1. Can you tell me which residue is most open to solvent (accessible area, probe 1.4 Å) among those in segment 226-270 that are among the polar types (S, T, N, Q) and assigned to a loop (DSSP other than H, G, I, E, B)?
2. I'm told K273 meets every condition in (1) assigned to a helix (DSSP H, G or I); (2) under 30 Å from N15 (Cβ atoms); (3) open to solvent by less than 10 Å² (accessible area, probe 1.4 Å) except one. Can you identify the failing condition by its number?
3. Among the listed residues V179, V213, identify the single one that is over 16 Å from the mean Cα position of the chain (by Cα), in a strand (DSSP E or B) and over 22 Å from S88 (Cα atoms).
4. What are the pairs with Cβ atoms under 7 angstrom where one residue, in segment 163-175, is assigned to a helix (DSSP H, G or I) and the other, located anywhere, is among the small types (G, A, S)? Sequence gap at least six, or different chains.
5. Being of a type in the set (A, V, I, L, M, F, W, C), without any contact (Cβ under 8 Å) to a residue 60 or more places away in the chain, buried (at least 23 other Cβ atoms within 10 Å of the Cβ) and closer than 17 Å to S108 by Cα: is that true of L223 here?
Amino acid sequence: MSSDIGCEDMDTLINMGFHKQSARSALDWSGGNLSVALDYLLSGSVEDQTREEDRTHQHAAATDTDATDENIDGSNNTHERIVHSELSQYSLPNGRSACTCIALNAASFLLLDADMRPNKQVGEISPEVLSDCILEGVQSYQAIIEAGSSSSASIVEHMSPEEVLSKFPGTISEKIKVVSLQSGVLLSSPPSLSAPSGIYDCLANSCLRNSGVNPCFSVGVILVKPPETVLIILPPLSSDGGSFILVDSHPRPPVCAGSYAQVFPTLEDLCQKLSSIFPAVDLGPDVGEMIAMMYNSFDAYVLQVKDGDTDT
């Protein structure tokens, strides 16, 4: 490390989720200017060699347990756990409204990861991969902002997946397809199959059992309830068991001050968590039923690896 680069600046960049090699290169390039180094990192100009190494290691060691992979309740239940990163969308400039870009980027990586595995399910998610998805998603959002800065139209702070993909198709891999768009209404009752159009019904039936979905492969669902977007990964319908995964780029104290990926053993457990993030809001007797339904509505974008790119 150059003598004029302070350890404190290195630590700052590392704590934001950048790898040590990338942080050192950026600080060397900027002459030790932390602000310039951060802009350089966010521009994607630093070739982060260790990023691909980390991802390759994740594929090869899917059963390894990371030190930050914890049981939610502190018990010995190894099926319900959480992986967290100190980095969230709010940690970075222009990241405040980048959740849709982050969710799309994470869906692309995780679905391709699942496609590489014999059981077609996502392996362990490391904090490094979670941080990478945050960084790359914010970079995609930044590219959209920069592309629109020359026009007189105002930047839409929260974008739907259609808006993101129309402006910056590279947000997801060309090997990923959007199968369908489903909609539902948040319900105050506990999630169950007996509650049509709720989150559970949408995920269990409209998404997982969608006619366009290949039952042999994992399913990604971009759940949008403005102004927030999260990612859900569902195991293949044909699988015997499997994990249900929530990837959330928003801080959710006390669960996590940064971003996190939470793994659930059942769809019911996942839906309970989603109900706490997106609770149904009672607008009172003076608000019409149609307005209340529109306010509590959500969209679910179903994603999957293209059939022609899967290993059969």
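The values are calculated or read from the model by the stated rules, or taken from the named source; none is laboratory data. All values derive from a computational prediction rather than experimental measurement. Glycine gets a Cβ as well: all are built from the backbone with ideal geometry, and neighbour counts include every protein chain shown. Side chains are part of the model used for accessible areas, which takes the heavy atoms of the whole protein and leaves out ligands, DNA and RNA. Shrake-Rupley method; radii C 1.70, N 1.55, O 1.52, S 1.80 Å.
1. Going residue by residue through segment 226-270, those that are among the polar types (S, T, N, Q) are 229, 238-239, 243, 249, 259, 262, 266.
From what's left, assigned to a loop (DSSP other than H, G, I, E, B): 238-239, 243, 249, 266.
Details: S238: 79, S239: 33, S243: 42, S249: 7, T266: 48 Å².
So, considering only residues that are among the polar types (S, T, N, Q) and assigned to a loop (DSSP other than H, G, I, E, B), the one most open to solvent (accessible area, probe 1.4 Å) is S238.
2. Evaluating K273 over (1) assigned to a helix (DSSP H, G or I); (2) under 30 Å from N15 (Cβ atoms); (3) open to solvent by less than 10 Å² (accessible area, probe 1.4 Å) leaves (3) as the failure.
3. Exactly one residue qualifies, and that residue is V179.
4. As it stands, the answer is K167/A147; T171/S140, since those pairs meet every condition given.
5. no
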